[in-house]
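Before any comments, here is the structure.
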Amino acid sequence: MTPENVKKTARTSGGLPGGGGKMRLRGLLRKEFLQILRDPSSIAIAFLMPVLLLLLFGYGVSLNAKHVPLGIVVDNPNADTSSFIGSFRQSSYFSPVVMPGMRQAVTAMESGDIEGILHLREDFSRQLRGPEGAPIQVIVDGTDANNARQISGYVQDAWSKWLGLRSIARGSAMNNIPVQTEQRIWFNSELRSRDFLVPGLIAVIMTLIGALLTAMVMAREWERGTMEALLATPVEKREILLGKIIPYFTLGLGGMTLSVTMSFFLFRVPLIGSLFVLFVAASLFLFASLGMGLLISIISKNQFVAGQVAIIVTFLPAFILSGFIFDIRSMPLPIRFVTHLIAASYFVAILQTVFLAGDIWQVILPNALALVIMSAIFLGISTRKFRKRLE
Amino acid sequence: MWRRILALTIKEFLALLKDKRSRMVVVVPPLVQLLVFGYAATYDLKNVPYAVYNEDTGKASRDLLAGFRGSPNFSEVALLSSEGQIEPVIDKKEALLVIHIDSRFSRDLLLGRSARVQIIVDGRNSNTAMLAQNYASTIINNFNTAWNARHGRAGPPAYVTTRAWFNPNLESRWFIVPGIVGLLTLVVTMMVTALSVAREREQGTFDQLLVTPLRPLEMIIGKSLPGFLIGMSEATVIILAAVLWFKVPFLGNVATLYTGVFLFLLSAIGIGLMISSIAITQQQGLLGAFLFLVPAIILSGFTTPIANMPPLIQELTLLNPMRYFMVILRGVFLEGMSFHLLIGQFWPLAAIAVTTLTAAGWLFRHRLY
Amino acid sequence: MPGPGQSMHTVATEDSVIILEGVSKYFVTGKRKIAALQNVDMFVRRGIITGLIGPDGAGKTTLMRMSTGLLAPDAGKITILGIDATSDSLLMEASIGYMPQRFGLYEDLTVMENMKLYADLHEVPEELRPPRFEELLHMTGLGPFISRLAGRLSGGMKQKLGLACTLVRPPQLLLLDEPTVGVDPVSRRELWSIVYRLVREEGMSVLLSTAYLDEAERCNDVILFHEGRLLGQGPPESFSEPMQGHTYSVSVPGMKNRVLQGDLLRCPDVTDAVVQGDRVRLVMEGTVPPEPAALLPSAKNMSLTPVRPRFEDAFISILRRSRPVSLKTADEGIVTAAHTGTSDDHIIEVKNVQRKFGDFYAVKRITFSVKKGEVFGLLGANGAGKSTTFRMLCGLLPPSAGNLSVAGVDLRKAPAAARAHIGYMSQKFSLYGNLSVRENLRFFGSTYGLSGRTLRENIQWALERFDLGDHEEITSAELPLGHKQRLAMACALMHNPDILFLDEPTSGVDPIARREFWHRINTLAERGVTVMVTTHFMEEAEYCDSLAVMSAGEILALGTPAEIKAKAVSADLPEPTMEDAFISLISDNAPAQKTS
């Protein structure tokens, strides 16, 4: 081929809008995927991190107290007290430790060896048969208020079970409790905290993948000087942005699939709603967090700052303000307002509902809409801020 | 020796604080996070939204519901008129809890039979569900006691009286806010130290430092001091805020607390410097710090008790300095734990600090790239 | 070919591929606003190679970036190939090829994948690719390496791949920003031959910026920039012709060229003096032939012969007019007489040292020694193993095998105090960027144990001696590169070291700063300091007492500059330059290179 020929064809193909854009985008996508395949760190962030985090936290984070060490002090052991203590021994919630006296129990509690004390006084048997009834004194370590509440709830349960058994044994129909409560817990009848924490955890992990990964790869292009070479070609900014969003979106969905599979098969979290809704919501959320990552990196243009900002604005807020662990309904109003700025909070709401309650559109639609708006804002600002210029 | 250390410390401070942006990173986020998280991180439920479906027309059911209306923990959002309305009201998260009283309620009670009330709870957040359930039980128990007294009936043969030590009103803020001292101190210390060596390696100044007659010990002290002083002041600010702003009781001894802060900072700095000297670039340093921070925070007992974790993970947390610091903070704040009760927490921190600082010092010169 | 004979005053015509009209550009660094380009009118003609020459910070890169639409001018208009570069940058970018200084190769992509990517980005139709790729691979000699990762290529090969990527769709205008920096002389020659071929065979227009002044003479047209202003434009001869009668070659028997050069520079009416081969090149301000006796009364039997001027002479004399020389006289202050003169003691010894990284040998069994008071040079391209050798000598890296000692000890094992005898200036500018000049000096002084009055005096000495007094409160990141390099050297000298290690101290520094720098080194050497220096500028080898030529981790030759050049003497090249010598050494070793 002669140079003139090359030149002529180049002229005719160059600068033509339309069809050519596809070729440029295809080139960028192929490049990005090849880079992902060859750079172990992005694979690690997208696949290894979800597995590790899910394993560690799925097993490690639980709000269900089990085998609570409970100090038992019985002033005057007899048949009545051992029947009562027996109901604690059977419960998997407690591991009772019999203590010789209150002094020892108090010391044990102060040094954190036991989390509660159950005290049956000298005249327990006598009062049991008297008109007043016998007091069962329970002291819990209130340092961890949530844990303390659970423990006292467990004690109540053990107590009412014991009462029931006792009245059956004595053949009386009425156990002197006027109103009996019948508890029905929907969606999570055993109140397994893992069932609500694991779906929330998926949101935290996806935030990390989306924002951290994009923030880093975009900044990397600036730092290695590849962006300058790219910008000097006839590529359009839309193509550069799409060339980043599509690969990491795919990678993010891969991480999502992995997380959902693990939740379902490993942690046995029920999935009541449909996979389809789950993945549509995940896609929307990914757009929002990719958009956030892009924005961070476009503004900072430096891997280090981008990483720092990404950590500050993603992980801790997603951890504490998303409703993943602390219920948003428990927060004061101004803070609840802040949670609306965090994309993860919408995703957590959808995840918890779809996993445990099903496709409840009244919950899904408003949250999905919020995700759409957030994605639009982040991607919109990114597109506006991203210039085919070096300034 | 001290002159060289001083020179290095001054340089570190200048490098860290001269730039307005990095000054902001050290100062602003922790304060904002303290405020936001101090309020946001709570397990206490206020105003549980509930709906009532009352099929009973008697006075007894109204008395029971009055207990809920009068409670500061509950707020009624809907009165339902059919069973079919229960599902949507919970699904849409309008109500967390539905109280269903059937039509025989008052009659059963007056006849001396046990009356039944059904409580339906949204279990999507199991912790919230459990709390709501506990609150409801308390109100119903109070109703029972009052009913028995009014109708001259004998109560149950035994009853439970619960007292909570150290936190009588069971405010979870008292538990969380001291934890935030540890959380934010750790984050800031890691941010400052985890990049200090990596940044110098990347910029080439670390080589310049290594060819000067600075000894490893001098470098460790010089590199640690800024993180230490910043961490110390940050911790002090948050402790003051916890006591003065969030009104968390402080029962223990300041010296005991600061022994803990001191040892915790050293171990955090040691880990930060170690990560930093393993990393070649700042990005790696940042990623390393992050990969340490996330598990360290989640598996520290800050939000969920270590006791609830499986044994293997519980053993893993023994390597986590945050774990010990959480016990120290809460012990000193809420229980007034004495120094000797906390020795079991102090020595692991000291051991972590010595190991990591030594490793960091060795890595300064022996990390190859 | 449009001849270079036309004068500097040609106006922009139809034939201009780049036209700048009243272009200005400002940057804000810290609190200061810096003019990168000020009211520049300029044009680049079609079908020739135009060289953009100017010292560091002259505005060359800014001009390149504006010509590609990557920066918008603050004032004025830029027209590229008849298209407005600012408003129609997409259209314009389709017809140009731009290779930035650090070309953005994707290092984790292979040679072929990189080329395919740029073919996609430039929308080269599939059917045109195979012949074009073949042509480019042949031209660049990258054919055998198409499936190698770009990150694994040598510096020269990377540059050639960058060029190939820029050329996948033949552009009408090719912009090359310092394409030959840090590239070994062989690759440099190859790059030039590619560029010539493109102009000749494909009729491309080329704008090329460079820091190597000898390359200016290879261009058809030269544009000279300084501090954001256009100083002149014309063929290289039009710059050097007026210097006719100003240039001489000098030598004094029995006098070291370094000393002679230093003495000459201090004479009145001398514009420039540089060591060139075994003689010193002298540029006078006037055309009156100087009297040897009047010039240097102390020098006996001075031989002074007129020589042809070259571009560099003109460049220096133009720059000197705007920037007065700042060569301080003899006394270099605190570096005093503990060490006098050259002796036969070997102060640095390297025996069979090698260094592996994974399965890659960065340094292969090298052996050399440095005498006390010597200026010893390590010469080689980027990646030849010079810095690795340096890092091992300074105790920053342990050797995989072999022995080395500096002043009798291995610095890696020696006590910290032993390090007080050396000064080290590392490759990149490596001072604390956000500390001010004074803070940097104070810090490095203190780490070497200086304090109180000594510290204050030495800081004062450094500020004066290195002309940093006006800048002492400026953060060092904001200093121009030449100043940064002076500060780095000042920091390395604060504690009066016996041995000075300088790793690529002149990389990226303009010719005038380089002259000042070598002047300082010479003065130090005269006072008995042993100086070890690496460089990739071949001509700088002439300043060294002895040198080792390195390539691919091996020492190809060891000796005085004259000895090394002697090896390359042939019938064709009776008087080879250092670059000729280097190229002949490389080609002699070529069979060994292929296997590595």
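Bear in mind that the values in this text are calculations on the coordinates, not laboratory data. What you see is a predicted model; the values in this text were computed from it and never measured. Virtual Cβ from ideal backbone geometry, glycine too; neighbours counted across all protein chains shown.
If you place +1 on the Cβ of every Lys and Arg, -1 on the Cβ of every Asp and Glu, and leave all else neutral, what size is the dipole of chain A about its Cα centre, to the nearest 20 Debye? Don't skip to the end; give the middle numbers.
Working: 36 positive and 25 negative charges, 408 e Å.
That gives chain A a dipole magnitude of about 1960 debye.
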* Asked: On full extension of the chain, what length is gained from residue A:48 through residue A:137, given 0.36 nm per residue of separation minus the C-alpha to C-alpha distance?
  -> 27.1 nm
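Assuming R0 = 51 Å, can you tell me the calculated FRET efficiency for the pair residue B:57 and residue B:315, based on Cβ-Cβ distance, to the nearest 0.05?
On the way: r = 59 Å, r/R0 = 1.17.
So the FRET efficiency works out to roughly 0.30.
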* To do: Would you mind telling me which residue in B:190, B:130, B:274 has the biggest mean-square fluctuation in a Gaussian network model of chain B, where springs connect alpha carbons within a distance under 10 angstrom?
  => B:130
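Under 8 Å for C-alpha pairs, at least 6 residues apart: give me the relative contact order for chain A, rounded to a whole percent. List each step's numbers first, then the result.
Values: 479 pairs, mean separation 73.0, N = 391.
The normalised contact order for chain A reaches 19 percent.
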* Give the order of A:297, C:400 when sorted by the count of other beta carbons within 10 angstrom, beginning with the fewest. => C:400, A:297
* Asked: When chain A is modelled as a GNM with alpha-carbon springs shorter than 10 Å, which of A:210, A:116, A:293 fluctuates the most?
  -> A:116
* Expressed as an acute angle from 0 to 90° and rounded to the nearest 10, what is the orientation of the C-alpha long axis of helix B:126-150 relative to the principal long axis of chain B? -> 40
* Residues of A:130-141, mean number of Cβ from any other protein chain within 10 Å of their own Cβ, rounded to a whole number? -> 5
* Structure fact -> Among C:351/C:372; B:11/C:351; A:388/C:158; C:351/C:484; A:388/C:116, the pairs whose Cα-Cα distance exceeds 29 Å are B:11/C:351; C:351/C:484
* Asked: Between residue C:470 and residue C:229, what is the FRET efficiency for a Förster distance of 25 Å, r being their Cβ-Cβ separation, to the nearest 0.05?
  -> 0.70
* **Whole-angstrom gap from region C:391-425 to region A:34-77, using each part's C-alpha centre** => 47
* In whole angstrom, note down how far apart the Cα centers of region C:438-466 and region B:60-108 are. => 80
* Structure fact -> Sequence order, region B:261-268: Karplus ³J(HN,Hα) from phi using 6.51 cos²θ - 1.76 cosθ + 1.60, θ = phi - 60°, Hz rounded, Gly and Pro as x, gives 4, 4, 5, 5, 4, 4, 5, 5
* To do: Provide the gained length on full extension for the span residue C:21 to residue C:293, in nm with one decimal, where the gain is 0.36 nm per separating residue minus the Cα-Cα distance.
  => 92.8 nm
* Asked: With a 10 Å Cβ neighbour count serving as the proxy for reagent exposure, in which order, fewest first, do C:426, C:546 appear?
  -> C:546, C:426
* Before rounding to the nearest 500, sum -39500 (n - 2.57) across all DSSP H runs of length at least 4 in the protein assembly as shown and divide by the residue total; then give [θ] at 222 nm in deg cm²/dmol. => -15500 deg cm²/dmol
* Rounded to whole Hz, the Karplus (6.51, -1.76, 1.60) HN-Hα couplings of region C:396-406, x for glycine and proline -> 8, 8, x, x, 6, 7, x, 10, 9, 9, 10
* To do: Could you name the lysines whose alpha carbon sits less than 22 Å from that of residue C:356, not counting residues in the same chain fewer than 8 places away?
  => C:364, C:386, C:413, C:594
* **Estimated inter-spin distance, residue B:280 and residue A:387, nm [label 7 Å along Cα→Cβ]** => 3.5
* To do: Give, in nm to one decimal, the length gained when the segment between residue A:79 and residue A:236 is fully stretched (0.36 nm per residue of separation minus the Cα-Cα distance).
  => 48.0 nm
* To do: Report ³J(HN,Hα) in whole Hz for each residue of region C:110-121, in order, from the Karplus equation J = 6.51 cos²θ - 1.76 cosθ + 1.60 where θ = phi - 60°; Gly and Pro get x.
  => 7, 3, 5, 5, 4, 5, 4, 4, 5, 5, 5, 5
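With +1 assigned to the C-beta of every Lys and Arg and -1 to the C-beta of every Asp and Glu, and no other charges, what is the dipole magnitude of the protein assembly as shown about the Cα centre in debye, to the nearest 20? Can you show the working numbers first?
Values: 130 positive and 119 negative charges, 559 e Å.
Here the protein assembly as shown has a charge dipole of around 2680 debye.
Using a Förster distance of 51 Å, how high is the FRET efficiency between residue B:365 and residue A:97, based on the Cβ-Cβ distance and rounded to 0.05? Mind dumping the intermediate values first?
On the way: r = 52 Å, r/R0 = 1.01.
In this case the efficiency is close to 0.50.
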* Structure fact -> For B:157-169, C:413-425, C:110-122, ranked highest to lowest by mean beta-carbon neighbours within 10 Å, the order is C:110-122, C:413-425, B:157-169
* To do: Would you mind calculating the relative contact order of chain C from Cα pairs under 8 angstrom and at least 6 residues apart, reporting the percent as a whole number?
  => 13
* Which aspartates and glutamates, on any chain, are close to residue A:161 with Cα under 16 Å apart, when same-chain ones fewer than 8 places away are left out? -> A:80, A:182
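For peptide C:159-167, compute the average count of partner chain beta-carbon atoms within 10 Å of each residue's beta-carbon. Spell out each step's value before the answer.
Working: counts 0, 0, 0, 1, 0, 0, 2, 3, 1.
Counting Cβ atoms of other protein chains within 10 Å of each residue's Cβ and averaging gives 1.
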* Provide C:494, A:374 in ascending order of the number of other Cβ atoms located within 10 Å of each residue's Cβ, fewest first. => A:374, C:494
